[in-house]
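Undergrad: Here it is, the structure, as structure tokens.
Please treat every number below as a calculation from the coordinates, not as lab data. As the structure is a computational prediction, the values presented were derived from the model and not from experiment. Every residue, glycine among them, receives a Cβ derived from its backbone with ideal geometry; neighbour counts consider all protein chains shown.
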Amino acid sequence: MRFEQQGVDRVAVSGATGRTRPDTLKVTLGFDEGWQGEGQITYAGPRCLDRARWAGEIVSARLVDVHGLTPEQIDVEYIGAGAAFRGLTDPSDPTEVRLRVAVHTPDEQRAKAAGWEVEALYTNGPTGGGGARRSHGSVVAVRSCDIARDRVRTTVTTIGADR
């Protein structure tokens, strides 16, 4: 492509090619997709992975039996024991494991339940858990799709002192 000054506020463009404009435009939408809640706790020392797994089973069972979540809404990770590479590694005896239990649900109270249940492990779970934390928040999902060009009205608004 070449640009050539033709005068004040005039530029000639040459050497460019193009295509017919598409019949559709890409639109990106943001929308409410419920709530996410999580709780985390660390287990350290001998058999820490076994204790973290047991704690994960306890929390998962309570989230299903007491709070009415489905297993598909629950994600359990053992950070420090290959959680980032599930199925690709098998560290059999780590010295420290962080249990993370997260849930995705339409209901804020059930999202909070993940943190409550993990925090309860201090006194009602396998021995030696520490550093528990919990959080929850709304989830804004983003999806892209196409929309027919003739359904979009294009406008330009200039803002500022020099209109």
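Undergrad: Using the Karplus curve 6.51 cos²θ - 1.76 cosθ + 1.60 with θ = phi - 60°, work out ³J(HN,Hα) for each residue of the stretch 40-53 in order, rounded to whole Hz, and write x for Gly and Pro.
TA: So the J values, rounded to whole Hz, are 9, 8, 9, 10, 9, x, x, 6, 5, 5, 4, 5, 5, 5.
Undergrad: On full extension of the chain, what length is gained from R21 through D65, given 0.36 nm per residue of separation minus the C-alpha to C-alpha distance?
TA: 10.3 nm
Undergrad: Of the listed peptides 24-34, 104-114, what is their order by residue-averaged count of other C-beta atoms within 10 Å, with the highest listed first?
TA: Final packing ranking: 104-114, 24-34.
Undergrad: Quote to one decimal, in nm, the extra length available between D93 and T155 on full extension: 0.36 nm per residue of separation minus the C-alpha distance between them.
TA: Gain in length upon complete extension: 16.1 nm.
Undergrad: Something else now. Hey, what do the phi angles of the stretch 97-112 turn into as Karplus ³J(HN,Hα) couplings, whole Hz, using 6.51/-1.76/1.60 and θ = phi - 60°, x for Gly and Pro?
TA: Computed from phi, the couplings for the stretch 97-112 are 9, 9, 7, 10, 10, 10, 10, 10, 8, x, 10, 4, 4, 5, 5, 5 Hz.
Undergrad: Now, a different point. Which one of Y43, V101, Q6 is farthest out on the positive end of the charge dipole of the stretch 1-151, using unit charges on Cβ (Lys, Arg +1; Asp, Glu -1) and the Cα centre as origin?
TA: The Cα lying farthest towards the positive end belongs to Q6.
Undergrad: A follow-up question, please. ³J(HN,Hα) across the stretch 66-76 via Karplus (A = 6.51, B = -1.76, C = 1.60, θ = phi - 60°), whole Hz, x for Gly/Pro?
TA: 9, 9, x, 7, 9, x, 5, 8, 10, 10, 10
Undergrad: When the dipole is taken about the Cα centre of the chain, and only Lys, Arg (+1) and Asp, Glu (-1) are charged at their Cβ, what size is it in debye, to the nearest 20?
TA: 640 debye
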